[in-house]
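First up is the structure itself, then whatever we jot down about it.
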Amino acid sequence: MATRSESGFGEVSRLRGIVFKYLTFGASLVGILALGVLLAYVFWDALGLESAGTAWYLTYTVTLLAPLLGFLAYARDKPEVTAGAIELVGFTLAGGTLSFAAIIVLIVIAGPGVWVTYFLTVVAPVIGLFLYGQYEREATWVGLAMLGTLVVGPIVGTLGLGAISTVAALLGAPGVYFLSLVVPGAGLAAFLAADRFDASRRVALGVAVGLLVLAIVGVPVVDTVPIVARSVWFAVLVMLGLPVGFAVTNTARQPARRAAFALPAIAIGGFLVGEFVVGAIGATQPSPWLDWQFLTSPTSSLPADAGLYPAVIGSVFLIILVSIFTFVFGVGTAVYLEEYAPSSGLLGTVTRLINVNISNLAGVPSVVYGLLGLGIFVNINIQFGPVVYAGIGAGTVLTAAMTLSLLILPIVVISAQEAVRSVPDSLRQASYGMGATRWQTIRNVVLPRSLPGILTGTILALGRAIGETAPLIMIGAVATKYNPPSGLFDTLTAMPLQIYTWAFLPSEEFRYGVVAAGVVTLLIVLLSMNSVAILVRNKYQQETY
Amino acid sequence: MTDSPNRSVSRRSFLTSAGAVGALALAGCTEGPGSGTDNGLSGSIRISGSSTVYPVAQAVTEQFRSQNPGVEFNLSRDGSGGGFSNLFCEGNSDFNNASREISSDEEEQCSSNDIEYHEINVATDALTVIVNNDFASEYPGVTDMSIDQVRQIWRADGATTWQDVNGDWPDEAINRFGAADTSGTFDYFREAVLGEDANHTSDYSPTEQDNTILQGVQQGRYAIGYFGFSYYQDNQDAVTAVTLQAEDGDSYVEPTLENAKSGDYPLARPLFTYPKVSSLSQDHIAEFARYFVRQSANDSLIADQVGYVPKTEEGMQSELDALNEAISNA
């Protein structure tokens with residue numbers, strides 16, 4: 001109404017509105033530009049782009065950049081091609097992230113003995129129960145049985161660790177990963193073929209057997225490549241091969257989408273042609289700090305030999321533990337406080353007091369949490385009768401994970417509470433009105449609706465945890481370590497700590513090149529882990545709305 | 001909560017794309033550490049203490065590990081004092097590096113926790129006083145100072161402007177950058193320059209990070225700072241080192257490794273590492289301690305790579321004899 005003024009109506013000045021609009025625009029521009037400049041600067045240093053010659057830039061512009069832009073222009077008004085291309089790229093990257101995670105978690109950190117033990121006692125029974133529950137809808141005990149397995153399984157596994165790993169050792173590491181990854185992967189492939197692509201029973205079986213045969217046939221080929229172990233081959237085949245195979249099949253089955261295959265062809269072909277031309281004309285290539293050697297070696301006193309491998313493994317180990325701790329305790333607390341805790345009377349006051357305190361805890365500086373961790377996990381010695389608690393060690397993985405969990409727990413609780421609160425009460429009332437119990441309402445209405453919000457909060461909090469340096473220093477995490485942590489009670493170094501150490505070394509190459517490469521690696525690992533959570537969140541968002 | 005048949009992937013795919021680039025590249029990184037002559041030693045060694053000695057310790061541990069892949073090191077930089085009081089004397093580390101000798105308070109703390117230690121002198125440092133490049137080219141006189149002038153600048157209730165130190169120098173406030181009091185560099189500087197009867201000024205920017213000192217002096221025109229020689233060796237163009245005169249009438253001596261070795265440079269200071277005697281009973285720790293001592297006479301490692309004065313062969317040999325004695329008693 002105010003936009004159109006007629007005589008008789010008063011005039012409203014639009015100046016303030018316009019000024020406000022441009023102020024907000026300016027504010028966002030400053031922030032985004034500052035971040036952009038910072039990132040560009042770090043990438044520039046990390047990849048050593050300064051040293052590349054003009055010929056190198058020209059070659060790759062012609063062989064790679066121009067064809068890619070051409071493809072984008074072509075695909076712009078063809079939604080089917082665009083969707084196909086995004087599916088191909090997205091599934092490849094997601095598969096890459098999954099295989100990276102599988103290699104680090106199952107092969108490097110856990111190792112075959114530990115992995116096979118918990119696979120047999122926890123993972124396999126839970127998956128089996130889940131499948132049975134899908135098959136036999138009437139069996140209401142399945143959910144409880146899964147919960148029971150999750151609680152009892154780890155205990156049984158820990159008790160039987162020695163015996164099972166001895167038996168597994170007879171099988172050898174590749175055998176363990178073949179049985180625990182490739183065989184279930186073949187089952188999944190058969191299921192996908194039958195369910196998504198309507199393949200006949202015979203074809204589906206063929207897909208499964210084909211995957212098993214491919215895995216075994218690939219072994220002699222892989223053996224000729226010294227840096228790829230057999231276990232790694234199995235993990236990559238399942239974690240990367242399945243998503244890529246799925247995306248390729250899906251694209252190939254729809255004729256309108258087939259043009260999307262041009263994208264990987266251009267990317268790979270352009271890169272190979274570019275490499276060939278650059279080699280032929282002898283153009284100066286960039287000398288990146290962030291290269292294969294950097295990712296696979298420990299730190300060194302020489303900048304050229306320095307690497308981030310133990311710190312990458314340490315950080316991933318840490319963040320997996322932190323995400324488990326914070327998700328279980330944070331979401332549990334939030335659901336209890338919002339759904340079950342009394343909201344009136346004397347107990348209601350206690351609830352409000354707890355809520356206020358959690359909000360305040362979220363603002364406490366990280367150094368204080370570091371001191372807290374030092375106090376309750378490291379420098380402590382209490383006796384309860386015969387039981388002596390003397391902490392869990394200075395700078396161990398478990399100490400660091402628990403300290404960082406304490407640090408981000410308040411943030412996770414607050415955001416999860418907010419998400420649970422944002423589920424409209426009318427939905428709960430409708431659920432009760434249809435005779436659902438409180439548990440059924442929370443399980444079927446509240447949690448699915450609030451999960452995207454819960455995950456958003458958790459992702460942001462984990463991003464903070466992976467970048468924290470101060471608490472790690474306080475609890476005695478070390479600056480230099482040459483091997484990744486081998487267990488929960490081994491000391492660790494983490495990426496931010498390693499970067500912090502490099503930033504104060506005498507040599508200029510450390511303070512610029514190596515630090516920049518470390519920062520870029522930290523960003524890449526952070527984004528890969530976030531992308532997994534974002535995928536889960538988007539899936540639930542699509543299902544609920 | 002229906003499973004929608006048109007599964008659009010556009011939004012999530014964009015978000016994944018940036019993140020997973022490096023994941024692919026990492027997919028094969030699980031081979032074991034490089035080969036080497038394996039002597040069958042294994043175990044882990046915790047080294048804490050001085051950030052001045054840290055580069056030496058890192059270079060030595062790195063070489064030792066290439067020959068003994070079974071030995072794992074945990075190094076941290078806590079400052080000489082921080083390492084003694086928080087870790088070593090509490091029994092939490094096997095070695096503590098120090099850029100000064102252990103103090104009597106720390107000795108007491110160690111002995112009250114039954115921690116016995118052995119002292120090893122691993123190298124010599126030339127503590128370097130630096131000033132800003134522009135300041136040095138405008139007033140060439142500031143690059144030659146007597147120890148007495150340095151004392152005036154750094155002692156409590158001393159000079160506040162450069163003119164207070166020398167009438168020819170500008171009437172500008174002195175901008176000081178120095179080591180924090182947990183640092184062995186601070187303790188050495190106070191003892192060697194200021195002496196018994198003067199206190200270190202509190203009007204300065206204290207830090208455990210030499211980098212901060214370097215940047216402070218680089219950016220502050222009338223700034224002065226001090227740190228270990230290795231930091232100056234790697235950044236000779238960024239700041240100007242002051243040549244020092246020990247007594248009236250002596251010549252001004254440049255901070256170089258040769259001058260520190262010959263003993264001409266007045267602020268040459270010994271660097272130490274302190275193994276815990278009870279740890280030396282373990283084979284891998286004893287072997288590493290011997291290796292550390294032998295490497296302290298390695299010219300290319302200590303002087304060229306790190307930037308300190310290596311020990312002489314004789315000096316190294318006598319340290320080694322003392323260490324072997326301590327190991328046999330452990």
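Just give me the residues in segment A:142-159 being small (Gly, Ala, Ser) and touching a Ser or Thr at 6+ places or on another chain (Cβ under 7 Å), in sequence order. Of everything in segment A:142-159, those that are small (Gly, Ala, Ser) and touching a Ser or Thr at 6+ places or on another chain (Cβ under 7 Å) turn out to be A:GLY153, A:GLY157. Just one of (1) away from chain A (no Cβ under 14 Å); (2) open to solvent by less than 40 Å² (accessible area, probe 1.4 Å); (3) at pLDDT 85 or above; (4) out of contact with any Ser or Thr (no Cβ under 8 Å at 6 or more places or on another chain) fails for B:SER202. It is (2).
Listed by position, the strands (runs of 3 or more DSSP E) contained in segment B:42-153 that have at least 2 residues being open to solvent by 10 Å² or more (accessible area, probe 1.4 Å), in contact with a Pro (Cβ under 9 Å, 6 or more places away or on another chain) and in contact (Cβ under 8 Å) with a residue 12 or more places away in the chain are B:120-126.
Scanning segment A:428-465 for residues that are surrounded by fewer than 13 Cβ atoms within 10 Å (Cβ to Cβ), among the aliphatic types (A, V, I, L, M) and either within 13 Å of chain B (Cβ to nearest Cβ) or not in a loop (DSSP other than H, G, I, E, B) (or both) yields a total of 0.
Every residue, every condition in (1) under 23 Å from B:GLU116 (Cβ atoms); (2) modelled with pLDDT under 90; (3) outside the structural domain of B:PHE88 (by TED's automatic domain parsing), yes or no:
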residue	(1), (2), (3)
B:SER262	no, yes, yes
B:PRO275	yes, no, no
B:SER279	yes, no, no
B:ILE285	yes, no, no
B:ALA289	yes, no, no
B:GLN295	no, no, no
B:ASP299	no, yes, no
B:ILE302	no, yes, no
B:GLY307	no, yes, no
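Taking the numbered list (1) buried (at least 24 other Cβ atoms within 10 Å of the Cβ); (2) more than 12 Å from chain B (Cβ to nearest Cβ); (3) not charged (D, E, K, R) in turn, A:SER531 passes all entries but (2). Filtering A:GLY245, A:GLY279, A:GLY218 for residues that are in a helix (DSSP H, G or I), more than 12 Å from chain B (Cβ to nearest Cβ) and exposed (fewer than 13 other Cβ atoms within 10 Å of the Cβ) leaves a single hit, A:GLY279. Any residue that is touching a Gly at 6+ places or on another chain (Cβ under 6 Å) and at pLDDT 90 or above - is there at least one of those in segment A:244-259? Yes, there is a match, as at least one residue in segment A:244-259 is touching a Gly at 6+ places or on another chain (Cβ under 6 Å) and at pLDDT 90 or above. Here segment A:480-503 is the region considered, the condition is being modelled with pLDDT of 85 or more and of a type in the set (Gly, Ala, Ser), and the residue that is farthest from the chain's Cα centre (by Cα) is A:ALA503.
When segment A:471-499 is limited to residues that are farther than 17 Å from A:TYR309 by Cβ and not in a loop (DSSP other than H, G, I, E, B), the one that is most open to solvent (accessible area, probe 1.4 Å) turns out to be A:ILE473.
Please specify each residue of segment A:295-312 satisfying the condition of being modelled with pLDDT under 90 and under 21 Å from the mean Cα position of the chain (by Cα). The answer is A:LEU295, A:THR296.
Conditions tested, residue by residue: (1) at pLDDT 85 or above; (2) open to solvent by less than 60 Å² (accessible area, probe 1.4 Å); (3) in contact with an Asp or Glu (Cβ under 8 Å, 6 or more places away or on another chain); (4) not assigned by TED's automatic domain parsing to the domain that holds B:SER300.
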{"site": "B:ALA179", "(1), (2), (3), (4)": "yes, yes, yes, yes"}
{"site": "B:PRO206", "(1), (2), (3), (4)": "yes, no, yes, yes"}
{"site": "B:GLN215", "(1), (2), (3), (4)": "yes, no, no, yes"}
{"site": "B:ASN235", "(1), (2), (3), (4)": "yes, yes, yes, yes"}
{"site": "B:VAL242", "(1), (2), (3), (4)": "yes, yes, yes, yes"}
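Checking each residue in segment A:282-301 for being open to solvent by less than 50 Å² (accessible area, probe 1.4 Å) and among the aromatic types (Phe, Trp, Tyr) picks out only A:PHE294. Has segment B:304-321 got at least one residue that is part of a helix (DSSP H, G or I), surrounded by fewer than 20 Cβ atoms within 10 Å (Cβ to Cβ), within 14 Å of another protein chain (Cβ to nearest Cβ) and among the charged types (D, E, K, R)? Scanning segment B:304-321 turns up at least one residue that is part of a helix (DSSP H, G or I), surrounded by fewer than 20 Cβ atoms within 10 Å (Cβ to Cβ), within 14 Å of another protein chain (Cβ to nearest Cβ) and among the charged types (D, E, K, R).
If you go through segment B:157-177 and keep only what is open to solvent by less than 30 Å² (accessible area, probe 1.4 Å) and part of a loop (DSSP other than H, G, I, E, B), you end up with B:GLY158, B:ALA159, B:TRP169, B:PRO170, B:ILE174. Checked against (1) touching a helix residue (DSSP H, G or I) at 6+ places or on another chain (Cβ under 6 Å); (2) within 14 Å of chain B (Cβ to nearest Cβ); (3) open to solvent by less than 40 Å² (accessible area, probe 1.4 Å), A:VAL142 passes all but condition (2). Quick check: anything in segment A:11-32 closer than 30 Å to A:ASN538 by Cβ, in contact (Cβ under 8 Å) with a residue 12 or more places away in the chain and surrounded by fewer than 16 Cβ atoms within 10 Å (Cβ to Cβ)? There is no residue in segment A:11-32 that is closer than 30 Å to A:ASN538 by Cβ, in contact (Cβ under 8 Å) with a residue 12 or more places away in the chain and surrounded by fewer than 16 Cβ atoms within 10 Å (Cβ to Cβ). Number of residues in segment B:261-301 that are open to solvent by 10 Å² or more (accessible area, probe 1.4 Å) and either in a helix (DSSP H, G or I) or basic (Lys, Arg) (or both) equals 15. Assess whether A:GLY270 counts as being away from chain B (no Cβ under 13 Å), assigned to a helix (DSSP H, G or I) and open to solvent by less than 40 Å² (accessible area, probe 1.4 Å). So A:GLY270 passes the test.
Output yes when any residue across segment A:330-339 is within 14 Å of another protein chain (Cβ to nearest Cβ) and touching a helix residue (DSSP H, G or I) at 6+ places or on another chain (Cβ under 6 Å), and no when none is. So far as segment A:330-339 goes, no, none of its residues is within 14 Å of another protein chain (Cβ to nearest Cβ) and touching a helix residue (DSSP H, G or I) at 6+ places or on another chain (Cβ under 6 Å). Within segment A:356-373, being open to solvent by 40 Å² or more (accessible area, probe 1.4 Å) and assigned to a helix (DSSP H, G or I) holds for A:VAL356, A:ASN357, A:SER359, A:ASN360, A:LEU361, A:VAL367, A:VAL368, A:LEU371, A:LEU372.
When B:GLU196, B:GLU191 are checked against the criterion of being closer than 27 Å to B:GLU247 by Cβ and not in a helix (DSSP H, G or I), B:GLU196 stands alone in meeting it. Just one of the listed residues (B:ARG221, B:ARG269) is of a type in the set (Lys, Arg) and in contact with a strand residue (DSSP E or B) (Cβ under 6 Å, 6 or more places away or on another chain), and it is B:ARG269.
For A:GLU468, the conditions (1) more than 8 Å from every other protein chain (Cβ to nearest Cβ); (2) in contact (Cβ under 8 Å) with a residue 40 or more places away in the chain; (3) not in a loop (DSSP other than H, G, I, E, B) all hold with the exception of (3).
The values are calculated or read from the model by the stated rules, or taken from the named source; none is laboratory data. Model, not experiment: these values are computed from the prediction. Cβ: placed from backbone, ideal geometry, glycine included. Neighbour counts: every protein chain shown. Surface accessibility is based on the protein's heavy atoms, side chains included, excluding ligands, DNA and RNA. Shrake-Rupley method; radii C 1.70, N 1.55, O 1.52, S 1.80 Å.
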